[in-house]
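To start, the structure under review is shown below, and the notes come after it.
The values are calculated or read from the model by the stated rules, or taken from the named source; none is laboratory data. It should be emphasised that the depicted structure is a prediction, and the values quoted were computed from it without experimental measurement. Here the Cβ positions follow ideal geometry from the backbone for every residue, glycine too, while neighbour counts run over all protein chains shown.
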Amino acid sequence: MVAAPAARFALVLVLALEAALGVAGDAGAQCRTQTRVEPARAFVGQRVFWTLEILRAVGVENVEWLEAPRFPSFRAAWLPGRVDPHPITRDGVVWRRSEERRALFAARPGELHVPGAKLRCGAESAEVSGATLEVTPLPDGAPQDFAGVVGPVRVVTRLEPDRIRLGESARFWVVLRGPGNLWAVPSPLAEDGLDGVDVFAERPATELDAGDDLVVRRTFRYQLVPRREGALALPPLRIPWYDPGAAAYRIATGPARTLTVGGTATLPFDD
Amino acid sequence: MTGPMLEYPQWLVTVAMVVGGAALLLLAARFGARRRGARLLGPRAPRPRADLLPWLALVALGVALVGPRIGTRVERSSALGADVVLLFDTSRSMTAGDNPPSRLHRARRAAGELLARLGAGDRVALAAYSGHGVLLTPLSSDLRALAELVPLLDDSLVGTEGSDLASGVQAALGAFAAERPRVLVVLSDGEDPLRRGVAAPATEAARVATRVVTLGFGSEDGSRIPDGDAWLRDRRQREVVSQRDAEALARLAEMTDGAFFAADRWGELDLDAVSASIHRDVAPTAGESVERSVAAVRVAPFAALAFALLALDTLGGLSRWRGLALGASALVMLGSVSSEERAIEAHLQARPDDARALLHLGIARAERGSHAEARRAFEAAALRARDPDLAATALYDLGVTALEERDLECARDAFFDALALRPRDRRAVYNLEWTLAALATRTPPPPSARPRPDPDAERQLQPEPQPAEAAGDPRPLTPEEARRWLESVEDDARRGLRSMGQRVPSSLRPSREPGW
């Protein structure tokens, strides 16, 4: 804990010396930018990262968009930027370094271009170069119920309560989690998909957890109303997805659940 | 059909008071004349002439004004589809679980399946009510789009608590414009803790020739109402048990020549029968027509009788008030207040897309004071008008009518649209400025407590560099940016519906009455 103030003091000292000596950035450029897209080749729907590295001269505080980046033909999700706390030296010049990031999902195959942008950097403007991504369609051989999900999926289900009486309902959650385009997944349980059970689907919700990586969570909620007594098996749900690393289609499955239905609820005082 | 006996029952009390008051005045005048005669001429004074004829004329005029329904007349319909409004009860009692998982779940499912049974010629609108009623969508033949909206209706849609069926019916009736078979389908448990009855909504629906088909959810045994993790309790901390009021729903249907269908314990209905009931007045194929008997409103005979009585009475000299009464009776006889409307509606039956006729219909309705119906007609006229000038006029009239109802937002939008079509319309400019000034003086609503997370939206560098858009004036979007922005916006129709549902009429105040 003692080291932090000391390091901060050292940093201020270095910066003051740099400013005094006039070595903070070259006189011709107050900012440098570099754009990269990783990976440079991807499948339709696969997540790729667009990163803009910004080097600004020490002493330059005002950096803002003159022309914000655009991502036509992509679904773009914002990711938190990264700021390097320490100055770096590149080509003999000291810079402050930060990164602007997006997760991109290509909507169509082809050579997709991310146009350039423009930054105001101190009193100058700095060009941000465009980038190109080679997007290929997904290969043949997809399972029939494949919905276009690229990237791993984890399936979690919850049934509450798992024991009810006839005339009552149970809530069933299906939560999909992964870094891919999970918003493409349709309801894994059809309203007429369970024999002897009325299924009432609620509107699915999609949440994006933007951290160092992007995590997508898609939640499906159902009300299940059994029409007969006994043990009702909810079959394991399957979510096909494409694994770009292994170039293969895979199936994510959730655990099977059993809903036990016994007795008849007496209305209105059904307990 | 055991519908209401009067077309305009709202006049009944006024007419009774006027007729009764006139009778008292006549008796007093006659008594005074006898006393004066006796004082001047003694016991042999002649009895004053009974002033009975004007009073009888007044009675006949009063009867004509309330529009008695006597006998039936045959109505012929050649329409190939019906105009249907699905009115959802979204009060808390609809969350009861006696039709598992809840009455509202079952009502929504029934509505979805009913939409699948309606035909290409049908047009459907959605409405909802709890503490007040709201029309959520206009009539549309895009039944698939409506089916996607139905699952979004929940008990928090309408901003006020309660079960004001009359308000719901009134809002739903605002959807009807053209002269086609009109059916209002009420999906409800029928329960109203305030026990306001169904006479008022039934009369209102019957007045605009709308049949009400009621679908009753819940059970007569009743069920408790969820309240978070517990059960809803009343002021005395007793658990509230909500029961289906099948009698009220059946009566509402009966009074409007409709039909009542009760859901079974699983919330299921004979939807084929419901669909058949909705299509009762729909011609099976083009060129054919359906005939049915409807109650005949007899205004003219009573007005004519009043006219004749006054004419008889005034043979000896026309006094001022008798002349006035004569004029009034002639006015009533000449066609009553709604004859122009009926003529236009008849015309619209043949040419439903006649924008000019719709405009005139709106004007007639506005003059009658029926602003909600007038607005529907103006909106329809504006949508159908090919002539921009005509559309601008309809929008201007829509704005004026909205101002009459103190709906400043609607008025503002209408005047804006009118000016877009007719930029030099000084009246629209003046009204728009007035409306904007009125809106500016209004207290702004509180900000939303929980803004919708918008992770897909383009955010800018943080913590640095700072976005230019955040600091400076917003620049116009390029077409590509606009397209991307639209794509990034989550298609959340529930927000739109909720926005409609939360529009609480200014007349409503928080109530301490039970509100489930």
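Considering the range A:83-185, the qualifying strands (runs of 3 or more DSSP E), each wholly inside and each with 3 or more residues that are over 30 Å from A:ARG32 (Cβ atoms) and of a type in the set (A, V, I, L, M, F, W, C), run over A:154-160, A:170-178.
In the range B:60-73, what count of residues is obtained for those that are within 30 Å of B:ALA33 (Cα to Cα) and touching a residue at least 60 places away in the same chain (Cβ under 8 Å)?
Within the range B:60-73, the first condition is being within 30 Å of B:ALA33 (Cα to Cα), and the residues that meet it are B:60-63.
Checking which are touching a residue at least 60 places away in the same chain (Cβ under 8 Å) leaves us with B:60-61, B:63.
Number of matching residues: 3.
Suppose the filter is at pLDDT below 80 and polar (S, T, N, Q); does B:SER338 pass it? Spelling it out, B:SER338 is indeed at pLDDT below 80 and polar (S, T, N, Q).
One line per residue, one yes/no per condition, for (1) among the basic types (Lys, Arg); (2) crowded, with 23+ Cβ neighbours inside 10 Å; (3) assigned to a helix (DSSP H, G or I):
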{"residue": "B:LEU104", "(1), (2), (3)": "no, yes, yes"}
{"residue": "B:ALA116", "(1), (2), (3)": "no, no, yes"}
{"residue": "B:ALA120", "(1), (2), (3)": "no, no, no"}
{"residue": "B:ALA127", "(1), (2), (3)": "no, yes, no"}
{"residue": "B:VAL134", "(1), (2), (3)": "no, yes, no"}
{"residue": "B:THR137", "(1), (2), (3)": "no, no, no"}
{"residue": "B:ARG144", "(1), (2), (3)": "yes, no, yes"}
{"residue": "B:ALA147", "(1), (2), (3)": "no, no, yes"}
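Among the residues of the range B:1-25, those identified as in a helix (DSSP H, G or I) and at pLDDT below 80 are B:PRO9, B:GLN10, B:TRP11. Tallying residues that are more than 15 Å from the chain's Cα centre (by Cα) and under 15 Å from B:PHE260 (Cα atoms) within the range B:192-205 yields 0. Looking at the range A:43-81, which of the residues that are more than 8 Å from every other protein chain (Cβ to nearest Cβ) and among the β-branched types (Val, Ile, Thr) is surrounded by the most Cβ atoms within 10 Å (Cβ to Cβ)? Here the answer is A:VAL48.
Among the conditions (1) within 12 Å of chain B (Cβ to nearest Cβ); (2) on the phi < 0 side of the Ramachandran plot, A:VAL174 misses just one, which is (1).
Yes/no per residue for (1) within 14 Å of another protein chain (Cβ to nearest Cβ); (2) within 21 Å of B:ARG182 (Cβ to Cβ):
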site	(1), (2)
B:ASP98	yes, no
B:GLU113	yes, no
B:TYR129	no, yes
B:VAL134	no, yes
B:SER141	no, yes
B:LEU157	yes, no
B:SER163	no, no
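Of the residues making up the range A:207-258, those that are touching a helix residue (DSSP H, G or I) at 6+ places or on another chain (Cβ under 7 Å), under 26 Å from A:PRO143 (Cβ atoms) and within 11 Å of chain B (Cβ to nearest Cβ) number 1.
Residues in the range B:159-175 that are modelled with pLDDT under 90 and either within 13 Å of B:LEU126 (Cα to Cα) or surrounded by fewer than 21 Cβ atoms within 10 Å (Cβ to Cβ) (or both): B:GLY159, B:GLU161.
Residues that are among the aliphatic types (A, V, I, L, M) and out of contact with any helix residue (DSSP H, G or I) (no Cβ under 6 Å at 6 or more places or on another chain) were ranked within the range B:238-258; the one that is surrounded by the most Cβ atoms within 10 Å (Cβ to Cβ) is B:LEU249.
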